[in-house]
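Okay, structure first, notes after.
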Amino acid sequence: MKTIKCPNCGEEYSTIYKRCPFCEERPTPRGGKPSGRGGGKRVATNTRGGGYGKRPGRENFMRVFGLLLSVVLIVAAICIVVSVVRALFNGEIGPAASDEPITSVEPSALPSEEPSALPSEEPSAEPPTVEPSAEPSTSPSADVTVTSLSLDKEDFTLTKIGDTWTIKATVVPAGTAVTWSSDNESAVTVDQNGKVTVVGSGVANITASAGGKSAVCIVRSSAAQTSSDTSVSLKLNYTDFTMNLSSSDGSAPIQLSVTDASGVKYTGAVTWSSSNSAVATVSDAGLVKAVGAGRATVTASAGGKTLTCIVRVVSGG
C-alpha cells in the first residue's frame, strides 16, 4: 500500500485518502506545494502497527445499545400481553365481570347497616313486655287436662289419736292443684296438703282429686283400743276383702261379725252401714253382697266403738 507523508503535520496516510485525515490538508502533489486546508473529515486513525483503518468503538456501542433496547421492549410487550390474557381468563375484564362485583357488594352493604340497627333497638324494646310470658302461665292452668293422678300410699294404719301422715300425690302435668277430702272426719281428717290426722277410731277413705281424675288412700285408725272404754275390746272377722262379680264363688255374700279379743262373738247391739251401696250392701245382720265394681267401706258400730271393713268388688279376672 502506498502512503503519503503529510507535509503539514508530518503524518503518513494512505493514498486512498484525497486529503490528510489527521490535519485535513489536501495532499501535496508530487513536486508541488501543499494545497492548504480543504474540506473533509478525519475518517481514519493510525493504528499502531496495523496501519490505518476505521474506528469501530462508537459503532459497536450503538449496536449493543440498540440490541439491549430491543430486548427491553420485547420483554415489556410480552409482560403486557401476558397480563391482558390472564385478566381475560380470570374474568376481570368485560361487562359481565364488572357487573358481578357490584351486585355482590350491594347485599353486603345492606346487612351491615340494618341488622346493626334492629338488634340494638327491637330486642331492648321486646323484653320489657311480660305479656307473652304471662299468658302461657295462666291459660294452661285453666285448660289443662290431667292425664294421671297417683298416691304414694294406698292403705296404712295409724294407732293413736293425734298421729299424722302426709300423703304425696303425683299429678301429670305437674303443678296442677289437688283437692283432698275425707269420707270419715270423725276418725281421720285431711288438709289441702294431703296431711292426715287421727281424731278418733275407724277407717277413712282419703280422696285426692285433680282435673277430673281421683285417687283414694285408706287410712285406718286403731285408736279405739286406747279409748276410755277399755272394758271390752272388739274387732271384725274381716277388715279388707275382695269380691268378684264374674265368679259364682267370688260373688257369694260374705258374713261379717263382731268379736271380742278372744274371738267370742259379740252379743250386743251392732249397727251396720255401707259407704257405697252401688258397690256393696250390708244387712242388719252384717251380710255383705256385691252389687257393682268399685270399693266401699262397711262400718259396724258396737259397744261405743266403730269398726270398719274395706270391700273391693271387681268384675273380672
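A short reminder: the numbers here are calculations on the coordinates, not readings from a lab. A quick note: this is a predicted structure, and the numbers were derived from the prediction, not measured. Cβ atoms come from the backbone with ideal geometry, glycine included; neighbour counts cover every protein chain shown.
Annotation: peptides 159-169, 213-223, ranked by per-residue average of other Cβ atoms within 10 Å with the highest first, follow the order 213-223, 159-169. Once Rg and the Kirkwood radius are both taken over the C-alpha atoms of segment 151-218, their ratio Rg/Rh works out to 0.97.
Put simply, the amide H of E11, placed in the peptide plane, has neighbours under 5 Å in C6, leaving out anything fewer than 5 places away on its chain. Working ranking of peptides 14-22, 245-253, 194-202 by packing, defined as the average number of other Cβ atoms within 10 Å per residue, highest first, is 194-202, 14-22, 245-253.
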